[in-house]
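I have placed the structure first, in the form of structure tokens, so that the comments after it can refer back to it.
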Amino acid sequence: MYNTAGDTIGTANLVEQPDGVKIQLKIEGLEPGFHGIHVHEYPVCEGPDFKSAGSHFNPDNKEHGLMYTEGPHLGDLPNIEVPPDGLVDTELTVNGATLLDGKNSLLRNEGTSLVIHASQDDGVSQPAGNSGDRVACGQIQLEKEGESPSDPTETNKPDMMK
Ligand SMILES: [Cu+2]
């Protein structure tokens, strides 16, 4: 996961489950309080606005919002709460999603992304629950060889931002 300056702020580990995809999220440094978080449709995290991630992942063409009758988007998730020390270690599930094949796959086409917003998602407003700017983003895609940020053989780019 990256912040708007492009610094690494943590990781999201995705695990295939019978009912969806579990996200183990460990991040630090975001503003304390509630933040909207969604799976977005493109695996492109270009700061500082992360507009490159596109809209929410929404293969069933629904409206936004976990509390909205015409919703939700498949990529809609419950808000995360950042405590005063900024350290988040939590688990979320993208219900109905998969990492395998099919229209609900988070890896379909080139993949998707996980985006965290500046404010709370109210669960009903269109198109994104009034959750404000995008403040963190991580690409959900199969790792390409040699691109892992934790690759110990990568010596020419010291990882000072972590
Ligand atoms: Cu979003």
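Kindly state, to the nearest 0.05, the FRET efficiency for Thr11 paired with Glu81, given R0 = 22 Å and r defined as their beta-carbon distance. Can you show the working numbers first?
Numbers: r = 18 Å, r/R0 = 0.84.
The computed FRET efficiency comes out at 0.75.
Expressed as a fraction of 2.2 N^0.38 Å, the rule-of-thumb size for a compact globular protein of N residues, what is the C-alpha radius of gyration of the range 2-140? Working shown, then result.
Working: Rg = 13.6 Å, N = 139, 2.2 N^0.38 = 14.3 Å.
The range 2-140 yields a ratio of 0.95.
For labels at Thr4 and Gln126 in the simple 7 Å Cα→Cβ model, what's the distance in nm?
The answer from the label model is 2.7 nm.
State to the nearest 20 debye the size of the charge dipole of the chain about its Cα centre, where the only charges are +1 on K and R beta carbons and -1 on D and E beta carbons. Write down the numbers at each step before the final one.
On the way: 10 positive and 27 negative charges, 36 e Å.
For this selection, approximately 180 debye.
Determine ³J(HN,Hα), in whole Hz, for all residues of the range 29-36 in sequence, where each value follows from phi through the Karplus function 6.51 cos²θ - 1.76 cosθ + 1.60 and θ = phi - 60°; x replaces Gly and Pro.
These are the phi-based 3J(HN,Hα) values: x, 7, 4, x, x, 8, 9, x Hz.
With no solvent and one point per C-alpha, what does the Debye sum give as log10 I(q)/I(0) for the range 1-83 at q = 0.15, 0.21, 0.23 Å⁻¹?
-0.64, -1.23, -1.38
Determine the gain in length on full extension of the stretch Lys22-Thr93; use 0.36 nm per residue of separation and subtract their C-alpha separation, reporting nm with one decimal. Please list the in-between numbers first.
Numbers: separation 71, 0.36 × 71 = 25.56 nm, distance 0.43 nm.
Fully extending the segment from Lys22 to Thr93 adds 25.1 nm.
Excluding Pro84 itself, what net charge comes from residues whose Cβ is under 13 Å from its Cβ, given Lys and Arg +1 and Asp and Glu -1?
On the way: positive: none; negative: Glu28, Glu31, Glu81, Asp85.
Charge balance in the 13 Å sphere: -4.
Treating the range 57-124 as a set of equal point scatterers at the Cα positions, no solvent, please give the Debye-formula log₁₀ I(q)/I(0) at q = 0.27 Å⁻¹.
The Debye formula, applied to the Cα set alone, gives -1.28.
Each reported figure results from applying straightforward, stated rules to the coordinates on display, with no laboratory input. Since we're looking at a predicted model, the values are computed, not measured. We place every Cβ from the backbone using ideal geometry, glycine too, and count neighbours over all the protein chains shown.
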